[in-house]
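Notes for the one structure printed next.
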Amino acid sequence: MTLLAVERIKLFTTRSPWWCALIALALTIGFAGLMAGSLPSGETLSVANTQAGHQFGIAVIMVLAALAVTTEYRFGTIRTTFQAVPHRGSVLVAKATVVAVLSLVIGEIAAFGAWGLGYAIRPSDSVALQTSADWITVAGVGVVFAFAAVIAVAVGTLIRHSAGALSLLLIYVLAVENLVQLIPTIGPKIHQWMPFNVAERFLGGSSGGPGAPDAALSQWGSLAYFAGVAVVLLAIAIGVAKKRDA
């Protein structure tokens, strides 16, 4: 509990988490407002439409999580922490936990805020949360945010430099997984197992829509797979951190 409190204090004494939280909320909720306001009169707003901006929110959350680690390496405070707590794994797990919980809260506020705004703009459309799939589409966003934050903490620990970690994360999240589909023959098969694509299948169900292949995993299996990727990357990062100088 002491480590968690220390990591919480360190996280909230910098400005970047506050700015990242505000930007993630603004993008996710604002995009829902744009979707609801720009739909033609003949089309209806769905629950999934209200969450269209969550991918931008994920990118910002990963920036927040990576900076939580790389900023410490930049200013050397991680050395003091490791001297006070020789078990580096415990420090990194505590840091990942604090960042993941914050990301979960931000994600839930953003998701339900986006849904509420869409419902307010288009109250006559079928935006009510009537099925379990609807609830997963909205409430699941925060869960995906949390595991994405763990992945970013792991990458930040491995790279240790803000520019490198942020570049890698943003390029991967915003471009790489989509570009993989362009590889002839095997691209779509590889894409099915890319972690953030799998996370999207958790939020949207096993069907990828008209013309898209069904997911390789069930909806909850997709979440377990994404969580497993996050845990494995964090474990690798802890192993690397134990072997090298701070």
Which of the residues spanning the range 36-64 are among the hydrophobic types (A, V, I, L, M, F, W, C), within 26 Å of Pro195 (Cβ to Cβ), in a helix (DSSP H, G or I) and open to solvent by less than 50 Å² (accessible area, probe 1.4 Å)?
Val47, Ile58, Ala59, Val60, Ile61, Met62, Val63, Leu64
Reported set for the range 162-184 where residues are surrounded by 14 or more Cβ atoms within 10 Å (Cβ to Cβ) and within 22 Å of His54 (Cα to Cα) is Ala165, Leu166, Leu168, Leu169, Leu170, Tyr172, Val173, Leu174, Glu177, Val180, Gln181
Please go through the range 1-32 and pick out each residue that is modelled with pLDDT under 90, open to solvent by less than 60 Å² (accessible area, probe 1.4 Å) and either assigned to a loop (DSSP other than H, G, I, E, B) or under 25 Å from Thr137 (Cα atoms) (or both).
Thr14
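Looking at Thr97, Thr81, Thr71, which one is under 30 Å from Ile29 (Cβ atoms), among the polar types (S, T, N, Q), in a helix (DSSP H, G or I) and modelled with pLDDT under 95?
Just a single option satisfies the conditions, and that option is Thr71.
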Are any residues in the range 129-161 open to solvent by 10 Å² or more (accessible area, probe 1.4 Å) and free of Cβ contacts under 8 Å to residues at least 60 places away in the same chain, and if so, which ones?
Gln130, Thr131, Ser132, Trp135, Ala139, Ala146
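The values are calculated or read from the model by the stated rules, or taken from the named source; none is laboratory data. In this text, all values refer to a predicted model and were calculated from it rather than measured experimentally. Neighbour counts run over all protein chains shown; Cβ positions are idealised from the backbone, glycine included. Please note that ligands, DNA and RNA were not included when accessible areas were found on the heavy atoms of the full protein model with its side chains. Shrake-Rupley method; radii C 1.70, N 1.55, O 1.52, S 1.80 Å.
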